[in-house]
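> First the structure, which I've put down as structure tokens, then a few questions once you've had a look.
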Amino acid sequence: MSGTTRALRSDAERTVRTILAAAERVLSRNPAASMEQIAEAAGVARTTVHRRFASRDALVAALASWATRQFAEAVDAAHPETTPPLVALYQVTANVLRVKIDWGFAMNLAFTTDAAAQVHADVAERCERLFARARESGTFRADVDLSWARRVYYALLHESAQDRDGDPEALAARLVDTLLRGMGTGQGL
């Protein structure tokens, strides 16, 4: 592949990311926004958006797919299987909150496809393993019902992500501290 081809591909990928970011901003304010409004917010011509996405539905599907990948990468980046459980719990929380805050509209769409459902099922399994490791390490009490703990954790994540202007790091610290005080061995974060 020539340098020119790589540069064109890189430029095209950058344009798609710009359009997706603009779509997230515009659609989170107005879910009925048009392709023209998204193009304007992205700073590109309407024809550029149509060249990249055949229809509004295709753009919305790409947005959901993008958010799903960001979600999976956020969990991967925390290395929840190998990092000490308390550190992994905090890092997964901060990473996921960042995605949920930045890509909230798309994350709400991300549950609508089979591929997204598989990613979310995989993340749920990883969360269960992390919570089991937390209990085994003494981070969580031995009597904690892990299924219930995971549901509470997800509810706390959802509520924390509603603070669109919040700092993901501070929100993660508050969330993990709340979780530890309820299920931990008496010490907070």
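> At 7 Å along Cα-to-Cβ for each site, give me the label-to-label distance between A32 and R17 in nm.
In this crude label model, A32 to R17 measures out at 3.4 nm.
> Ordering T139, T93, T82, T185 from largest to smallest accessible area (1.4 angstrom probe), what's the sequence?
Working: T139 25, T93 0, T82 115, T185 75 Å².
If we order T139, T93, T82, T185 from most to least accessible, we get T82, T185, T139, T93.
> Next up: Can you give me the orientation-averaged projected area of the convex hull built on the Cα atoms of region 47-94, in nm²?
Numbers: hull surface 16.2 nm².
Its Cα hull, projected and averaged over all orientations, spans 4.0 nm².
> Moving on. Amide H of G184: which non-local residues (sequence gap of 5 or more, or other chain) have their own amide H closer than 5 Å, using H built in the peptide plane?
Residues meeting the criterion, in which the H sits 1.01 Å from N, are R141.
> Now, a different point. So how do 115-122, 102-109 stack up, highest first, on mean other-Cβ count within 10 Å?
Numbers: 115-122: 14.1, 102-109: 19.8.
Top of the packing list down: 102-109, 115-122.
> Kindly write out, for region 137-153 in residue order, the coupling ³J(HN,Hα) from the Karplus curve 6.51 cos²θ - 1.76 cosθ + 1.60 (θ = phi - 60°), rounded to whole Hz, with x marking Gly and Pro.
7, x, 5, 9, 5, 5, 8, 5, 6, 5, 5, 5, 4, 5, 5, 5, 4
> Sticking with this one: To one decimal place, what orientation-averaged projected area in nm² is obtained for the convex hull of the Cα set of region 105-178? It would help to have the intermediate numbers written out before the result.
Numbers: hull surface 22.2 nm².
Convex hull of Cα atoms, orientation-averaged projection: 5.5 nm².
> 7 Å from Cα along Cα→Cβ at both E169 and R181: what's the point-to-point distance in nm?
So the label points at E169 and R181 sit 2.2 nm apart.
> Quote the FRET efficiency, to the nearest 0.05, computed for E81 versus Y154 with a Förster distance R0 of 22 Å and r equal to the Cβ-Cβ distance. Don't jump to the answer; show the numbers that get you there.
Working: r = 19 Å, r/R0 = 0.88.
Efficiency, from the Cβ-Cβ distance: 0.70.
> By its C-alpha gyration tensor, with a ≥ b ≥ c as the square roots of the eigenvalues, how is region 1-84 shaped: rounded for a/c under 1.5, else prolate for a/b larger than b/c, else oblate?
Details: a/c = 2.74, a/b = 1.31, b/c = 2.09.
Since a/c reaches 1.5 but b/c is at least a/b, the shape of region 1-84 is classed as oblate.
> Using only C-alpha atoms and all pairs of different ones, pull out the Kirkwood radius for the chain in Å with one decimal.
Values: mean 1/r = 0.0553 Å⁻¹.
About 18.1 Å, per the Kirkwood formula over Cα pairs.
> Measure out, as a whole number of angstrom, how far apart the alpha-carbon centroids of region 133-189 and region 23-46 sit.
Region 133-189 and region 23-46 have Cα centres spaced 36 Å from each other.
> Related question: Under the rule that an exposed site lies in a DSSP loop and has at most 15 other Cβ atoms within 10 Å, name the longest stretch of the chain with no trypsin sites (Lys or Arg not before Pro) of that kind, not counting the sites themselves. Intermediate results must be reported in sequence, preceding the final value.
Details: sites that count: R141, R164.
Looking at the chain, 1-140 is the longest stretch - no exposed trypsin sites (Lys or Arg not before Pro) with at most 15 other Cβ atoms within 10 Å.
> What number, rounded to the nearest 500 deg cm²/dmol, is the helix-based mean residue ellipticity at 222 nm of the chain, given -39500 (n - 2.57) per DSSP H run of at least four residues and division by all its residues? Show your work: numbers first, answer last.
Details: 9 runs with 144 residues, N = 189.
Roughly -25500 deg cm²/dmol at 222 nm, from the helical runs in the chain.
> Hey, what does the equivalent ellipsoid look like for region 36-123, semi-axes from the Cα gyration tensor as sqrt of 5 times each eigenvalue, largest first, whole Å?
On the way: eigenvalues 188, 39, 17 Å².
Taking √(5λ) for each Cα gyration eigenvalue gives 31, 14, 9 Å.
> On average, how much accessible surface per residue is there in the chain, in Å², for a 1.4 Å probe, leaving out ligands, DNA and RNA? Walk me through the numbers before you get to the answer.
Details: 10020 Å² over 189 residues.
Counting only protein heavy atoms, the per-residue value for the chain is 53 Å².
> Carbon and sulfur atoms: what percent of the 1.4 Å accessible area of region 117-175 do they account for? Please list the in-between numbers first.
Numbers: 1670 of 3300 Å².
Result for region 117-175: 51 percent of the exposed heavy-atom area is carbon or sulfur.
The values are calculated or read from the model by the stated rules, or taken from the named source; none is laboratory data. Predicted model, so just to flag it, every value in this text is computed and none were measured. Cβ coordinates were reconstructed from backbone atoms using ideal geometry, including for glycine residues, and neighbour counts include every protein chain displayed. Ligands, DNA and RNA are stripped out before the accessible areas are found, and what is left, the full protein with its side chains, is counted by its heavy atoms. Shrake-Rupley method; radii C 1.70, N 1.55, O 1.52, S 1.80 Å.
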